[in-house]
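Take a look at the structure set out below.
The values are calculated or read from the model by the stated rules, or taken from the named source; none is laboratory data. Source: prediction; values computed, not measured. Cβ sites come from the backbone with ideal geometry, for glycine too, and all protein chains shown count toward neighbours. Side chains included, ligands, DNA and RNA excluded: accessible areas come from the protein's heavy atoms. Shrake-Rupley method; radii C 1.70, N 1.55, O 1.52, S 1.80 Å.
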Amino acid sequence: EIPLRLVGSEMCIRDRNIDYGDMGVLFGNLLDNAIEANQGVDRKKRWINVSVKYEEHILIINIKNSKIRGSRRKKKGYLNHGIGLNSVKQIVEKFNGIVEVQDFGEMYEVSAILYGICDDKDLGKSVL
């Protein structure tokens, strides 16, 4: 069991020019990584915070989670290691965005910033 805190709403991603499948890949992989990083943490100290913000055609997804200081993620099966974050980066790059991953000892923080995200009503207009 891991406490999860969500800031934002589905309105941040609803009716935008980003495929729901891509959003599933983004959130699925980022949350999978956060859950995996929590595995060795004492149950009382586990946590994940998810923040989603949309403003002026920019979508910012920020996930912070607890982890063991000095730990490195180790995927079972070498061939699958890193595929999730690479998938996230590919989707973010479609929107000329960036992915930042930071290790703060007992906390990981991942931010995905996507540019040129439009409302349905803005589709067809230049936003960049």
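Restricting to the range 83-99, give me the number of residues that are out of contact with any Phe, Trp or Tyr (no Cβ under 7 Å at 6 or more places or on another chain) and in contact (Cβ under 8 Å) with a residue 12 or more places away in the chain.
Result for the range 83-99: 9.
State the number of residues belonging to the range 46-62 that are over 16 Å from I2 (Cβ atoms) and either open to solvent by less than 20 Å² (accessible area, probe 1.4 Å) or not charged (D, E, K, R) (or both).
9
When both residues are 6+ apart or on different chains and their Cβ atoms are under 6 Å apart, which pairs have a first residue that lies in the range 58-69 and is within 9 Å of G105 (Cα to Cα), and a second that is in a strand (DSSP E or B) and open to solvent by less than 50 Å² (accessible area, probe 1.4 Å)?
Matching pairs, first to second residue: K67/Y108.
If you take the residues in the range 32-45 that are of a type in the set (D, E, K, R) and over 18 Å from the mean Cα position of the chain (by Cα), which one is most open to solvent (accessible area, probe 1.4 Å)?
K44
Taking K45 as the residue in question, decide whether it is over 30 Å from N17 (Cα atoms) and modelled with pLDDT of 90 or more.
So K45 fits the description; yes.
Take the conditions surrounded by fewer than 18 Cβ atoms within 10 Å (Cβ to Cβ), modelled with pLDDT of 90 or more, of a type outside the set (K, R) and not in a helix (DSSP H, G or I) and apply them to S87. Does it pass?
no
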